[in-house]
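In what follows, a structure is listed as structure tokens, so that the remarks can point back to it.
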Amino acid sequence: MAIKEDAGKVLLFIYQSYIKDESINAEGLLQNTKWDGSRIDRAIQHLKNIDAIDIKFILGDVDGLRNFLFEKVTPNGTGMIEDKRKFKQSFGFGVNISSNPSLNINWSVSEK
């Protein structure tokens, strides 16, 4: 499991939910990814650290994933997603969101 790859997949999921105006929360991430909460937590923290998303951590956790209030995908995050070269450089795998805004995310870790 690679944190950068996990972060890229989580960012894609968040972006898709964000543009559809769907709520983004810990329970939804756990349900969709089927990952351990601490794995998602590391990916979320990475996205926050690289200024891809704006969130606030709040008290409590759900299966090891800290509760958070999602605010937005930042301009930096949008730039990463919508520029396929920048996305691949940032997360280690390629995606072209503009050609398929409703991506089917593969939540398993790929072998390199």
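Tell me, please, whether a residue that is touching a residue at least 12 places away in the same chain (Cβ under 8 Å), in contact with a Gly (Cβ under 8 Å, 6 or more places away or on another chain) and surrounded by fewer than 17 Cβ atoms within 10 Å (Cβ to Cβ) can be found in region 3-12. Within region 3-12, one or more residues are touching a residue at least 12 places away in the same chain (Cβ under 8 Å), in contact with a Gly (Cβ under 8 Å, 6 or more places away or on another chain) and surrounded by fewer than 17 Cβ atoms within 10 Å (Cβ to Cβ).
Name the residues in region 30-57 that are crowded, with 17+ Cβ neighbours inside 10 Å and under 15 Å from Glu71 (Cα atoms), would you? Passing the criteria: Ile44, Leu47, Lys48, Ala52, Ile53, Ile55.
The set of residues in region 63-77 being farther than 10 Å from Asp41 by Cβ and either in a strand (DSSP E or B) or touching a His at 6+ places or on another chain (Cβ under 7 Å) (or both) consists of Asn67, Leu69, Phe70, Glu71, Lys72, Val73. Mind checking which residues of region 66-94 are out of contact with any Asp or Glu (no Cβ under 9 Å at 6 or more places or on another chain) and small (Gly, Ala, Ser)? Across region 66-94, the qualifying residues are Gly79, Ser90, Gly94.
Only the coordinates and a few stated rules stand behind these numbers; no lab work does. Every value quoted in this text rests on a predicted model; they were computed, and no experiment measured them. Note that we place each Cβ from the backbone using ideal geometry, even for glycine, and neighbour counts take in every protein chain shown.
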